[in-house]
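**Student:** My structure is below; once you've seen it, I'll send some questions.
Coordinate-derived values only; no laboratory data. If you're wondering where the values come from, they're calculated on a predicted model, not measured in any experiment. Here the Cβ positions follow ideal geometry from the backbone for every residue, glycine too, while neighbour counts run over all protein chains shown.
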Amino acid sequence: MKTISGFNLGRYGIRSITALKDQMPDYEESENNDGPPEDDKKVYSTVSLCCLSVTNPFRNQIIQIVCVNPWFDRFILIVILVNCLFLAMDKEVDAVTNNIETIDFVFLLIYSWEMTMKIIAMGFVMRIHSYLRDSWNCLDFVVVMLGWFTKFVDAGDISAIKVLRLLRPLRTLNQIPNMS
């Protein structure tokens with residue numbers, strides 16, 4: 001039985017390699033290179049969450065939104081900057097101080113949505129180009145998990161978590177060439 005990139009063609013009902021290649025987007029074939037990609041092209045693992053291959057239409061759509069569309073990263077960077085503005089105005093502006101719980105929850109939902117979309121697109125941790133193999137995504141994961149931790153556990157006003165959230169703007173350095 002023929003295989004391509006670890007996919008057993010008979011198992012997925014695809015009868016020829018050309019049909020599979022026509023369905024697959026133009027991704028990097030090899031997952032064996034441990035270094036960064038040669039160009040600005042993003043590289044994805046062939047399977048995400050142990051069940052979603054790159055030929056899966058749902059995952060392919062998420063990849064198009066998260067990794068191909070430049071507005072996804074721009075939107076998240078704008079959200080990070082707005083979040084920093086609200087963190088700076090927390091004790092200064094009464095309207096922000098009175099509604100900080102709601103504001104924090106809205107940002108937590110947006111960051112959780114971003115994390116979920118990236119995990120579906122990239123895979124979680126098992127493959128080489130997965131979500132938690134990137135240090136910036138590890139930081140985001142820790143910040144989001146700590147955010148949900150404070151929602152379910154009465155931790156009071158833990159300023160250390162807010163300090164970790166201030167590290168998110170450092171991701172803008174990752175967008176500048178020769179700075180990442």
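**Student:** Suppose R0 equals 35 Å. What FRET efficiency, 1/(1 + (r/R0)^6) with r the Cβ-Cβ distance, do N60 and F152 give to the nearest 0.05? Walk me through the numbers before you get to the answer.
**Tutor:** Details: r = 34 Å, r/R0 = 0.96.
Efficiency for this residue pair is about 0.55.
**Student:** When the chain is fully extended, how far beyond the present Cα-Cα distance does V125 get from M145, taking 0.36 nm per residue of separation?
**Tutor:** Numbers: separation 20, 0.36 × 20 = 7.20 nm, distance 1.57 nm.
Answer, rounded to one decimal: 5.6 nm.
**Student:** Per residue of the range 94-109, what does 6.51 cos²θ - 1.76 cosθ + 1.60 with θ = phi - 60° give for ³J(HN,Hα)? Whole Hz please, x for Gly and Pro, Karplus curve as stated.
**Tutor:** Once θ is set to phi - 60°, the couplings for the range 94-109 become 5, 5, 6, 4, 6, 10, 5, 4, 5, 4, 4, 5, 5, 5, 5, 5 Hz.
**Student:** Let me ask something else about it. So if R0 is 25 Å, what FRET efficiency would L132 and V106 give, r being the distance between their Cβ atoms, rounded to the nearest 0.05? Walk me through the numbers on the way to the answer.
**Tutor:** Numbers: r = 25 Å, r/R0 = 1.00.
Rounded to the nearest 0.05, the efficiency is 0.50.
**Student:** What order do you get for 94-101, 130-137 when each peptide is scored by the mean count of other beta carbon atoms within 10 Å, highest first? List each step's numbers first, then the result.
**Tutor:** On the way: 94-101: 11.9, 130-137: 16.4.
Top to bottom by mean Cβ count within 10 Å: 130-137, 94-101.
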